[in-house]
Amino acid sequence: MGWPYRKLVRPLLFQQDAEHAHNFALKQLARASRSKFACGVIGKFFSAPELPVEVFGLKFSNPIGLAAGMDKHAAAVPAWEKLGFGFSELGGVTWHAQSGNPAPRMFRAVAEDAIVNRMGFNNPGTEALAQKLAEWKKIGRWPDHPVGINLGKSKITPLAEAAEDYANSFRVLRDLADFFVVNVSSPNTPDLRQLQDKAALDEILAAIQEINRGRDGVPPSQIFDSGTPTRRPSRPPILVKVAPDLSFEALDEILGLVAPRNIAGIVATNTTISRPQTNDISAQKIYSEAGGLSGRPLRARSTEMIRHLHQQTRGKLPIIGVGGIFDADDAWEKIIAGASLLQIYTGLVYEGPGITKKIVAGLVQRLEIAGMKHLHEAVGLAN
Ligand SMILES: Cc1cc2nc3c(=O)[nH]c(=O)nc-3n(C[C@H](O)[C@H](O)[C@H](O)COP(=O)(O)O)c2cc1C
């Protein structure tokens with residue numbers, strides 16, 4: 001749908017304010033999600049070729065996932081798989097429901113294929129999200145692909161009580177998803193990124209893993225060292241999402257927590273507070289807005305972070321690469337830099353729902369050309 005989306009659908013959507021367009025598109029997907037027939041039609045057009053991957057004990061039919069922030073209300077859970085995604089990450093969700101920052105709070109820099117947002121974790125809160133997820137399961141519309149949940153900190157919770165806030169959410173949600181991402185990297189909750197500091201993050205992960213250990217009586221397993229897992233892990237893997245603005249030294253500090261806190265992987269990266277140079281006047285105006293920048297200008301920095309993480313961990317720690325992926329070249333760049341899985345947000349906004357199928361097909365082709373059978377053979381190849 002690349003060309004029809006860019007020439008027909010996108011101009012209509014882009015006439016609206018960015019958040020309105022987002023809400024409109026999500027509403028259509030939410031409606032379709034309730035209908036088996038509609039989901040079948042979507043699947044016919046957009047389902048991606050198989051490109052299986054196994055990471056942290058979970059099986060993925062392809063490595064391209066939906067990034068956090070797109071479906072904060074779990075409104076369209078069945079639809080993401082039909083749009084070709086090999087997995088989806090719902091949320092960010094916070095323990096307390098919150099409305100986020102005042103609008104306008106999402107801006108497109110079209111000339112740069114970028115978005116600036118300062119949504120501020122607008123979300124229905126953990127309890128409401130849990131209810132929504134349980135509802136999808138109850139009506140038999142739960143997708144086959146792995147579903148993750150992005151956990152954030154409630155704005156009203158002081159930093160000193162952050163661990164409890166994250167743990168409260170995890171306690172309620174742990175049996176409703178396949179993996180969890182501790183988000184300490186959103187630039188839009190005051191001081192949240194201070195939680196990337198080793199001691200603060202350690203406290204959050206300790207609280208979460210204590211609950212995780214209590215989920216069943218099975219002793220802890222080395223989730224990412226277990227060779228080729230064939231079934232779902234008995235406990236959901238816990239990942240950490242990092243900001244692209246972190247120094248490599250700060251990133252290495254976080255890696256120091258991988259073994260003691262059983263971190264199953266790193267999601268690299270969230271949006272950036274930095275701004276690139278641009279001669280485009282309208283993009284300059286958008287870049288002057290406060291918030292996190294995503295899309296094409298983030299691509300190189302995000303790949304740099306992935307490369308560093310892969311090198312530092314000698315390829316032992318799974319990395320989900322996210323930031324500025326628009327086509328198979330961008331995806332391949334991140335895979336050979338060390339990402340086992342990838343996610344997309346801004347690329348979906350600019351390229352439309354055909355993006356996943358196109359990227360997966362492109363990756364299949366690249367593997368064939370390289371004479372490789374499995375995607376994992378390409379992970380970190382450039383390092
Ligand atoms: C409007 C918007 C909301 C987002 N909300 C979240 C969020 O709640 N939690 C999170 O970890 N990342 C959030 N992100 C970041 C994305 O998940 C992703 O890391 C980032 O946009 C880079 O990927 P991209 O260049 O493909 O967009 C958000 C991004 C956008 C544009």
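General observations
- Whole-Hz ³J(HN,Hα) from phi, Karplus 6.51 cos²θ - 1.76 cosθ + 1.60, for the stretch 246-256, glycine and proline x: 5, 6, 4, 5, 5, 5, 5, 4, 5, 4, x
- Sequence-separation-based contact order of the stretch 1-137, relative, with Cα cut under 8 Å and 6+ spacing, percent: 21
- Cα→Cβ-extended label distance, 7 Å offset, between ALA199 and ASP280, nm: 4.4
- Size of charge dipole - the chain - debye, nearest 20, with Cβ of Lys, Arg +1 and Asp, Glu -1, no other charges: 1140
- Probe 1.4 Å, accessible area per residue of the chain, Å²: 42
- Order of exposure, largest accessible area first, which applies to ASP17, ASP329, ASP165 with probe 1.4 Å: ASP329, ASP17, ASP165
- Span from the the stretch 16-45 Cα centroid across to the the stretch 52-100 one, whole angstrom: 15
- Debye, to nearest 20: dipole size of the stretch 1-82, +1 on Lys, Arg Cβ, -1 on Asp, Glu Cβ: 340
- Spin-label model, ILE139 to HIS374: label points 7 Å out along the Cα-to-beta-carbon direction sit 3.8 nm apart.
- Dipole axis of the chain (+1 Lys, Arg; -1 Asp, Glu on Cβ), positive-most option in VAL267, VAL360, ALA160: VAL360
- Pairwise label distance in nanometres, GLU249 with ARG34, each label 7 Å out on the Cα-Cβ vector: 5.5
- For the stretch 344-383 and the stretch 304-323, distance of Cα centres in Å: 17
- Global geometry of the chain, whether rounded, prolate or oblate, following the gyration tensor of its Cα atoms and the 1.5 cut on a/c: rounded
- Relative contact order (percent, whole number), the stretch 58-214, Cα cutoff 8 Å, 6+ residue spacing: 23
- Accessible area of the chain belonging to carbon and sulfur atoms, whole % at 1.4 Å probe: 53
- Those lysines that a straight Cα-Cα span of less than 27 Å connects to LYS132, excepting residues fewer than 8 apart in one chain: LYS27, LYS36, LYS44, LYS59, LYS72, LYS82, LYS153, LYS155, LYS241
- Exposed trypsin sites (Lys or Arg not before Pro) absent: longest stretch of the chain, with sites in DSSP loops and at most 13 other Cβ within 10 Å deemed exposed: 1-214
- Using C-alpha pairs under 8 Å with a sequence gap of at least 6, the mean separation divided by the residue count of the chain gives a relative contact order of 19 percent.
- Note: the stretch 53-151, Cα convex hull, 119 Å³ per residue.
- Net length available on complete extension from ALA206 to ALA361 is 51.8 nm, with 0.36 nm assigned per residue and the Cα-Cα distance removed.
- Fraction of beta bridges assigned by DSSP in the chain that are antiparallel (%, nearest 5): 30
The values are calculated or read from the model by the stated rules, or taken from the named source; none is laboratory data. This structure is a prediction, so every number in the text was calculated from the model and none was measured. Cβ sites come from the backbone with ideal geometry, for glycine too, and all protein chains shown count toward neighbours. Areas reflect the complete protein model, heavy atoms only, side chains present, ligands, DNA and RNA absent. Shrake-Rupley method; radii C 1.70, N 1.55, O 1.52, S 1.80 Å.
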